[in-house]
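Notes for the one structure printed next.
The values are calculated or read from the model by the stated rules, or taken from the named source; none is laboratory data. These numbers were taken from a predicted model, which means no experiment stands behind them. Don't worry about glycine lacking a Cβ; one is built from the backbone with ideal geometry, like all the others, and counts go over all protein chains shown.
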Amino acid sequence: MTQATTDPITREASPAISAGTGTELIRIMILIRQFELAMVELYQRNLIPGFIHPAIGEEAVHAGVQGHLRTLDHVAATHRGHGQALAKGVDPNRMMAEVLGRRDGLLGGVAGSLHIGDWATNCLPASPLVGGNIATMTGVALAHKDARDGGVAVAYFGDGAVNRGSFHEALNLGSLWKLPIVYAVIDNGWAISVPRTASTAGNFLDRAKGYGMYGEVVDGKELHSTYAAAGRAVDRAREGSGPTLLVFDCPRGYGHEEGDAQEYRPREDYRAAAARDPIQLAVTELIEAGLLDEGQLQGIREDVDRVVREAVEFGLASPQPDPQAAFDFVRPSQNASLR
Amino acid sequence: MSDTFTVREAIIEAMDEELALDATVFLMGQDVGAMGGNFATTRGLLGKYGPDRVRDTPISEDAMVGTALGAAIAGRRPIVEVMFSSFLGCCMDEICNHMSQIHYVSRGLAVPRMTLRTVNVFGRSSGCHHSGRPEAWLMHLPGLVVVAPSGPADTKALLKYSIRSDDPVVFIENAMLYGESGPRGPEGETIPFGQAAVVREGTDITILTYSGGVRRALAAARAVQSKGVSAEVLDLRSLAPLDIPAILSSVAKTRRVIALGEDVRTAGVGAELVALVSEHLHSDLFAAPVRIAAADTPVPFSPVLEEAIAPSSAKLIETVLRMVGEGSGQRV
């Protein structure tokens with residue numbers, strides 16, 4: 001499905017990246033990348049139970065969206081959610097401990113990689129069910145609207161989710177009630193082994209149009225595009241103009257999950273996708289625009305390496321959970337005194 | 001205000017009072033606004049609280065329940081009405097994967113303070129897609145509170161408690177009971193979850209039941225009284241959590257038990273009750289515990305056919321008499 005980038009909003013409104021923002025956004029992108037590479041290594045050493053879904057190649061989306069969010073705003077991550085959470089400001093140490101299933105994890109090892117969440121940064125516990133957080137985030141947006149607090153909700157999901165009933169029900173409701181929400185589709189082109197061309201009829205913009213909301217497809221690997229489009233969508237939500245279906249075109253360069261050899265897919269296809277690296281693109285662009293210099297970049301890389309090294313050390317040093325923790329928090333009234 | 005009121009009035013009053021008390025409470029559902037509810041259980045609320053707090057929704061159960069949950073964890077206190085409990089099938093993902101689990105997986109950070117009201121309809125020729133009795137599905141979801149009261153005072157007090165509670169509650173009403181009337185409870189009364197009520201005291205046998213089963217049990221208890229049999233009827237009121245001490249204490253006294261429900265028999269509510277009693281009191285029982293429930297079939301339309309699968313009063317009475325006769329004074 002080839003889609004032209006259609007932008008119903010005037011381009012003059014596009015926010016451009018400023019100098020201070022540029023260094024912060026590139027730092028987020030590099031942090032996400034290095035964190036995930038460290039996580040993959042731990043996984044390959046059999047230190048992470050279960051399975052993990054790296055988002056390598058999606059960093060420009062997370063950083064571009066985060067560039068417009070406040071702490072008060074909520075995001076909900078997906079099964080491929082480490083980057084979405086790190087961008088929102090989730091503590092890397094406690095997140096690594098969570099992925100490792102340890103006691104000091106964000107959620108005590110109950111959640112793992114699939115349900116990453118953190119209240120301090122309003123990153124709601126992710127639902128790894130495809131499309132599982134779209135309706136919930138629509139409700140979060142309703143709460144922001146009713147509370148008139150100016151808050152915005154961002155529901156991340158993949159292109160695989162657009163064929164779930166909850167996507168359609170929630171988009172209808174979100175648009176009908178003009179809720180402050182961004183429906184952020186990270187379109188990596190694949191639902192595990194099924195390409196979008198074999199799963200999805202029509203195109204995303206028509207779906208947005210069908211629900212009477214703004215829709216926009218942008219290059220998800222170019223930071224300036226993700227930043228500008230997310231800015232328009234978040235502003236629209238914040239000023240009470242309702243939701244946007246914001247589609248980040250972001251071809252998947254790697255397997256669905258760590259260990260997926262992608263034998264169902266032509267090698268040149270994923271190699272080409274992987275070769276277009278959003279971090280390289282952003283670095284080149286920011287340097288050319290004079291928003292970043294080599295010295296700053298070096299400083300960011302060193303700082304991120306230290307943060308990630310510490311996160312791995314913190315995670316591995318954290319003890320296993322107390323088995324008794326499995327019985328806590330089943331029902332709010334059960335643990336009322338703990339809140 | 002009259003001394004008695006109906007279950008329908010109890011529901012309206014409970015929501016009215018809680019909407020008035022707490023500005024974060026709001027109601028959403030299909031036809032809850034101008035129409036006043038498919039069963040007239042939201043009558044008058046739109047006029048009083050306006051469309052932001054009494055929201056009509058599209059026919060989108062998935063989005064309704066998911067949106068209520070999201071609003072709840074972001075600080076509101078929603079009541080979401082799903083018009084028939086059969087329709088829970090349309091939003092079961094939101095209930096079983098999200099509403100019941102988000103508190104656990106978030107270690108208590110996301111508080112699903114919401115009440116999902118829905119309605120069982122059985123015995124009203126509604127056909128198989130409007131005659132759900134999903135209580136056993138819901139009891140199988142750790143984290144969820146499942147409430148299914150019978151009389152008006154209990155209904156009001158439990159609904160008020162549900163709305164105030166931080167628990168995710170499925171509040172199961174029964175369309176056959178909306179017109180039932182009964183005495184008012186004390187002003188402002190709430191009843192916590194997990195508290196059963198002895199609605200009739202007896203010494204020979206305990207009938208454990210809830211919702212529409214209560215009046216069936218009371219009718220049978222009155223019928224066997226003339227034969228000298230004293231049946232105790234326990235209205236469970238909440239199915240999750242169950243009032244285990246009240247159940248065991250009644251059965252320990254009578255030493256015979258029937259679990260009566262209008263749900264499907266296999267793996268139904270009665271199966272859990274019988275297992276519970278057997279585990280704790282097996283050697284004290286005078287007769288093997290019995291489940292009486294609806295047959296393992298979908299619900300047919302014709303009144304004759306629907307009655308054929310219902311837990312019949314004849315069978316209930318006969319079973320009570322057999323069990324009491326069999327076990328008179330000696331262990332089985």
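Restricting attention to segment B:41-58, which residues are more than 9 Å from every other protein chain (Cβ to nearest Cβ) and part of a loop (DSSP other than H, G, I, E, B)?
From segment B:41-58, those more than 9 Å from every other protein chain (Cβ to nearest Cβ) are B:41-51, B:54, B:56; that's our starting set.
Result: B:THR41, B:THR42, B:ARG43, B:GLY44, B:GLY50, B:PRO51.
Being within 17 Å of A:GLY158 (Cα to Cα), more than 13 Å from the chain's Cα centre (by Cα) and of a type outside the set (D, E, K, R), is that true of even one residue in segment A:96-110?
If we filter segment A:96-110 for residues that are within 17 Å of A:GLY158 (Cα to Cα), which is where we start, we get none.
No, there is no match, as no residue in segment A:96-110 is within 17 Å of A:GLY158 (Cα to Cα), more than 13 Å from the chain's Cα centre (by Cα) and of a type outside the set (D, E, K, R).
Within segment B:1-12, how many residues turn out to be outside any helix (DSSP H, G or I) and either touching a helix residue (DSSP H, G or I) at 6+ places or on another chain (Cβ under 7 Å) or at pLDDT 95 or above (or both)? Break it down into steps so the answer makes sense when it comes.
From segment B:1-12, those outside any helix (DSSP H, G or I) are B:1-6; that's our starting set.
Imposing the further condition that a residue be either touching a helix residue (DSSP H, G or I) at 6+ places or on another chain (Cβ under 7 Å) or at pLDDT 95 or above (or both) reduces the set to B:4-6.
Residues flagged as outside any helix (DSSP H, G or I) and either touching a helix residue (DSSP H, G or I) at 6+ places or on another chain (Cβ under 7 Å) or at pLDDT 95 or above (or both) within segment B:1-12 amount to 3.
If I filter segment B:187-203 for residues that are among the basic types (Lys, Arg), touching a strand residue (DSSP E or B) at 6+ places or on another chain (Cβ under 6 Å) and either modelled with pLDDT of 95 or more or not assigned by TED's automatic domain parsing to the domain that holds B:CYS91 (or both), do I get at least one hit?
Here is the first cut: in segment B:187-203, the ones among the basic types (Lys, Arg) are B:200.
Restricting the remaining residues to those that are touching a strand residue (DSSP E or B) at 6+ places or on another chain (Cβ under 6 Å) gives B:200.
Keeping just the survivors that are either modelled with pLDDT of 95 or more or not assigned by TED's automatic domain parsing to the domain that holds B:CYS91 (or both) gives B:200.
There is at least one residue in segment B:187-203 that is among the basic types (Lys, Arg), touching a strand residue (DSSP E or B) at 6+ places or on another chain (Cβ under 6 Å) and either modelled with pLDDT of 95 or more or not assigned by TED's automatic domain parsing to the domain that holds B:CYS91 (or both).
Say whether the condition of being within 21 Å of A:VAL304 (Cβ to Cβ), within 9 Å of chain B (Cβ to nearest Cβ) and crowded, with 24+ Cβ neighbours inside 10 Å is met by at least one residue in segment A:60-79.
Looking through segment A:60-79, none of the residues is within 21 Å of A:VAL304 (Cβ to Cβ), within 9 Å of chain B (Cβ to nearest Cβ) and crowded, with 24+ Cβ neighbours inside 10 Å.
Consider segment A:134-174. How many of its residues are within 13 Å of A:THR244 (Cα to Cα) and either away from chain B (no Cβ under 11 Å) or part of a loop (DSSP other than H, G, I, E, B) (or both)?
Going through segment A:134-174 one residue at a time, the tally reaches 3.
Looking for whichever is at pLDDT 95 or above, surrounded by 23 or more Cβ atoms within 10 Å (Cβ to Cβ) and within 29 Å of B:LEU21 (Cα to Cα) here; the options are B:ALA175, B:ALA231. Which one fits? Break it down into steps so the answer makes sense when it comes.
Values: B:ALA231 fails: within 29 Å of B:LEU21 (Cα to Cα).
One residue alone meets the criteria, B:ALA175.
Please go through (1) in contact with a Phe, Trp or Tyr (Cβ under 7 Å, 6 or more places away or on another chain); (2) free of Cβ contacts under 8 Å to residues at least 60 places away in the same chain; (3) farther than 29 Å from B:GLY70 by Cβ; (4) of a type outside the set (Asp, Glu) for B:ILE191 and return the number of the only condition it doesn't satisfy.
(3)
Just checking, which of A:ALA274, A:ALA261, A:ALA289, A:ALA317 is at pLDDT 95 or above and among the small types (Gly, Ala, Ser)?
Numbers: A:ALA274 fails: at pLDDT 95 or above; A:ALA261 fails: at pLDDT 95 or above; A:ALA289 fails: at pLDDT 95 or above.
Answer to the check: A:ALA317.
As an exercise: evaluate B:GLY270 against (1) surrounded by fewer than 23 Cβ atoms within 10 Å (Cβ to Cβ); (2) touching a Gly at 6+ places or on another chain (Cβ under 7 Å) and give the number of the one condition it does not meet.
The single condition B:GLY270 does not satisfy is (1).
Spot the failing condition for B:PRO78; the list is (1) assigned to a helix (DSSP H, G or I); (2) buried (at least 21 other Cβ atoms within 10 Å of the Cβ); (3) more than 7 Å from chain A (Cβ to nearest Cβ), and only one is missed.
(1)
Show the residue pairs that are 6+ apart or on different chains and have beta-carbon atoms under 7 Å apart, the first residue being within segment B:133-144 and more than 14 Å from chain A (Cβ to nearest Cβ), the second being aromatic (Phe, Trp, Tyr).
Hits for this filter: B:ARG133/B:PHE122.
Could you identify the single residue in B:ARG8, B:ARG77 that is among the basic types (Lys, Arg) and closer than 30 Å to A:TRP119 by Cβ? Reasoning before the result, please.
On the way: B:ARG8 fails: closer than 30 Å to A:TRP119 by Cβ.
Exactly one residue qualifies, and that residue is B:ARG77.
Could you look through segment A:222-269, keep only residues that are among the aromatic types (Phe, Trp, Tyr) and in contact with a strand residue (DSSP E or B) (Cβ under 9 Å, 6 or more places away or on another chain), and pick out the one that is surrounded by the most Cβ atoms within 10 Å (Cβ to Cβ)?
Step one: filter segment A:222-269 for residues among the aromatic types (Phe, Trp, Tyr), giving A:227, A:248, A:254, A:264.
So of that shortlist, the ones also in contact with a strand residue (DSSP E or B) (Cβ under 9 Å, 6 or more places away or on another chain) come out as A:248, A:264.
Details: A:PHE248: 28, A:TYR264: 12.
Within segment A:222-269, the match that is surrounded by the most Cβ atoms within 10 Å (Cβ to Cβ) is A:PHE248.
Is it the case that B:ARG216 is closer than 20 Å to B:VAL320 by Cα and modelled with pLDDT of 95 or more?
In short, yes.
Quick one: which of B:VAL299, B:VAL290, B:VAL269, B:VAL257 is under 19 Å from B:ARG200 (Cα atoms) and hydrophobic (A, V, I, L, M, F, W, C)? Give the derivation first.
Values: B:VAL299 fails: under 19 Å from B:ARG200 (Cα atoms); B:VAL290 fails: under 19 Å from B:ARG200 (Cα atoms); B:VAL269 fails: under 19 Å from B:ARG200 (Cα atoms).
Residue meeting the stated conditions: B:VAL257.
Taking the criterion of being out of contact with any Cys (no Cβ under 6 Å at 6 or more places or on another chain), of a type outside the set (S, T, N, Q), under 23 Å from B:GLN195 (Cβ atoms) and within 14 Å of chain A (Cβ to nearest Cβ), would at least one residue in segment B:116-129 satisfy it? First the steps, then the outcome.
Going residue by residue through segment B:116-129, those that are out of contact with any Cys (no Cβ under 6 Å at 6 or more places or on another chain) are B:116-129.
Subset that is of a type outside the set (S, T, N, Q): B:116-117, B:119, B:121-124, B:127-129.
Then drop every residue that is not under 23 Å from B:GLN195 (Cβ atoms), which leaves B:116-117, B:119.
If we keep only those that are within 14 Å of chain A (Cβ to nearest Cβ) too, we end up with B:116.
Yes, that holds for at least one residue.
On the basis of being surrounded by 12 or more Cβ atoms within 10 Å (Cβ to Cβ) and on the phi > 0 side of the Ramachandran plot, does A:PHE314 make the cut? Lay out the reasoning, then the answer.
Values: surrounded by 12 or more Cβ atoms within 10 Å (Cβ to Cβ): yes; on the phi > 0 side of the Ramachandran plot: no.
Taking the combined requirement at face value, the residue does not satisfy it.
Go through (1) more than 7 Å from chain A (Cβ to nearest Cβ); (2) hydroxyl-bearing (Ser, Thr, Tyr); (3) in contact with a Pro (Cβ under 8 Å, 6 or more places away or on another chain); (4) free of Cβ contacts under 8 Å to residues at least 60 places away in the same chain for B:SER100 and report which single condition fails.
(4)
Looking for something surrounded by fewer than 20 Cβ atoms within 10 Å (Cβ to Cβ), under 21 Å from A:ARG148 (Cα atoms), aliphatic (A, V, I, L, M) and over 19 Å from the mean Cα position of the chain (by Cα) - is there at least one such residue anywhere in segment B:23-42?
For segment B:23-42, residues surrounded by fewer than 20 Cβ atoms within 10 Å (Cβ to Cβ), under 21 Å from A:ARG148 (Cα atoms), aliphatic (A, V, I, L, M) and over 19 Å from the mean Cα position of the chain (by Cα): present.
Which number in (1) surrounded by 24 or more Cβ atoms within 10 Å (Cβ to Cβ); (2) more than 14 Å from every other protein chain (Cβ to nearest Cβ) marks the one condition that B:PRO183 misses?
(1)
What number of residues within segment B:209-228 are crowded, with 19+ Cβ neighbours inside 10 Å and either closer than 23 Å to B:ALA288 by Cβ or of a type in the set (Phe, Trp, Tyr) (or both)?
Residues in segment B:209-228 being crowded, with 19+ Cβ neighbours inside 10 Å and either closer than 23 Å to B:ALA288 by Cβ or of a type in the set (Phe, Trp, Tyr) (or both): 8 in total.
Can you tell me which residue is surrounded by the most Cβ atoms within 10 Å (Cβ to Cβ) among those in segment A:176-221 that are basic (Lys, Arg) and assigned to a loop (DSSP other than H, G, I, E, B)? Full working, then the answer.
In the first step, residues of segment A:176-221 are kept if they are basic (Lys, Arg); the result is A:178, A:196, A:207, A:209, A:221.
So of that shortlist, the ones also assigned to a loop (DSSP other than H, G, I, E, B) come out as A:178, A:221.
Working: A:LYS178: 16, A:LYS221: 25.
Looking at the filtered set, the residue picked out is A:LYS221.
Out of the residues in segment A:117-126 meeting the condition of being facing another protein chain (nearest Cβ under 10 Å) and in contact with a strand residue (DSSP E or B) (Cβ under 9 Å, 6 or more places away or on another chain), tell me which one is nearest to A:ARG70 (Cα to Cα).
Step by step, filter segment A:117-126, then rank; the result is A:ASN122.
Taking segment B:13-40, which residues are more than 26 Å from A:THR138 (Cα to Cα) and part of a loop (DSSP other than H, G, I, E, B)? Reasoning before the result, please.
From segment B:13-40, those more than 26 Å from A:THR138 (Cα to Cα) are B:13-14, B:17, B:39-40; that's our starting set.
Correct list: B:PHE39, B:ALA40.
Consider B:ALA240 carefully, then state whether it is closer than 25 Å to B:ILE172 by Cα, at pLDDT 95 or above, assigned by TED's automatic domain parsing to the domain that holds B:ALA223 and of a type in the set (Gly, Ala, Ser). Give the steps one after another, and end with the answer.
On the way: closer than 25 Å to B:ILE172 by Cα: yes; at pLDDT 95 or above: yes; assigned by TED's automatic domain parsing to the domain that holds B:ALA223: yes; of a type in the set (Gly, Ala, Ser): yes.
Judged against the criteria, B:ALA240 is a match.
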